[in-house]
Structures are given as C-alpha cells and as structure tokens.
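Just below is one structure, and these are the notes that go with it.
The values are calculated or read from the model by the stated rules, or taken from the named source; none is laboratory data. Remember, predicted model here, so these are calculated numbers, not experimental data. Every residue, glycine among them, receives a Cβ derived from its backbone with ideal geometry; neighbour counts consider all protein chains shown. The area values use the complete protein model at the heavy-atom level, side chains included, leaving out ligands, DNA and RNA. Shrake-Rupley method; radii C 1.70, N 1.55, O 1.52, S 1.80 Å.
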Amino acid sequence: MQHPQNLPRRRRYKLHSLEQQEALLPFVRFCPGRTYRHYWQMPTPSKDHPSNVTYGRECAAHLLQWMKDNREYVGKGLLSRVARDIDFDDRDGRGQWMGFFNYLEIMMLLGADRVRVYRHVDSQHQLYLALGQRLKLEARFRRIRLRKR
C-alpha cells in the first residue's frame, strides 16, 4: 500500500514494563524540560491534509494494537494523557488529530456493536462500587490492627 507520507513502522507492543511499552508508540516521546513523557509528539504536518489524516489514523491503529497487546493496562488513562498533550489550537496539526480520533470512533462503534452498552456500563459501575467498598473495608481493618499494637 502506497502512502503519501512515511508512516510509523507497524509492530507489536508486548514488553515487560509499561514504561517500555508506551515509549514505543510512535507519538510518545520525552521532551527536554519535562519530567514525564509527552503523549502527542507528531512529525511536522505536511501541507497535504489527507496525508496528515492518514498519519493520525495510523497512529490510532498503533494505540489500538498497544491496547490489544496490553489489556491489563486498558482503562488506566493512556487516552486521556494523549488528549491532554494535543494542542487542539494548532491548525496545521488538525488533520493528524482528526484522523486519530475519527478512526478511534469507528473502532469504538465496531466494539459497541458487539455488546449491550448499557448492560456493560452497569456492570462497570458495580465493579468500581465493589472495589471502592473493598478499599474502605481494608483501610478500616488496617486502622483496627494498628490500634491493637
């Protein structure tokens, strides 16, 4: 398949540590003067809008492959870190982030078609409620044990 712009090399993302895995995403980099990664470091956009959209879409595919390879980390804020670092006022980079999010929307629809969305979200609500109750109980028992010492 011929692309008007060099696209990142496709790969798998299963490694031993989360830090190594995230760093392999083509849009994640360390920046000077910052103590943590920047999650939207894209190449300088070209003047060709469709090419920029293609690049953004390809990066979304990398994120989705990362999620498939690292299921245990899904739902832990990676997408919010990406969104935090995008400069939505950068008109030149608009095609890249549009391609990225539009492809994610398409993939979300494909996934949502396979589940009963409201039933699933209800189960997530119950899960997080139970986890919260568990943490409260564990904290309560820790306090009781500390008092007995």
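For (1) under 20 Å from ARG81 (Cα atoms); (2) open to solvent by less than 90 Å² (accessible area, probe 1.4 Å), each residue gets a yes or a no:
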{"position": "TRP97", "(1), (2)": "yes, yes"}
{"position": "ASN102", "(1), (2)": "yes, yes"}
{"position": "LEU109", "(1), (2)": "no, no"}
{"position": "VAL121", "(1), (2)": "no, yes"}
{"position": "TYR128", "(1), (2)": "no, no"}
{"position": "ALA139", "(1), (2)": "no, yes"}
{"position": "ARG142", "(1), (2)": "no, no"}
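Restricting the search to helices (runs of 4 or more DSSP H) fully inside region 41-149 and requiring at least 3 residues that are within 16 Å of PHE27 (Cβ to Cβ) and within 15 Å of the chain's Cα centre (by Cα) gives 49-69, 78-85, 94-112. Return yes when ASP113 is charged (D, E, K, R) and open to solvent by 80 Å² or more (accessible area, probe 1.4 Å) and no when it is not. Considered against the rule, which asks whether it is charged (D, E, K, R) and open to solvent by 80 Å² or more (accessible area, probe 1.4 Å), ASP113 comes out as yes. Would you check which residues across region 54-88 are β-branched (Val, Ile, Thr) and loosely packed, with under 14 Cβ neighbours inside 10 Å and list them? Scanning region 54-88 gives a single hit, VAL74. Pairs meeting the criteria (first residue in region 69-82 and within 18 Å of LYS14 (Cα to Cα), second residue assigned to a loop (DSSP other than H, G, I, E, B) and open to solvent by 70 Å² or more (accessible area, probe 1.4 Å), beta carbons under 8 Å, at least 6 apart or on different chains) are ASP69/ARG12; ASP69/LYS14; ASN70/LYS14. Within the option set ARG91, ARG37, being charged (D, E, K, R) and surrounded by 12 or more Cβ atoms within 10 Å (Cβ to Cβ) holds for one residue only, ARG37.
Whenever a residue of region 86-97 is free of Cβ contacts under 8 Å to residues at least 24 places away in the same chain, its partners that are open to solvent by 90 Å² or more (accessible area, probe 1.4 Å), lying with C-beta atoms within less than 9 angstrom and at least six residues away or across chains, give the pairs PHE88/ARG94.
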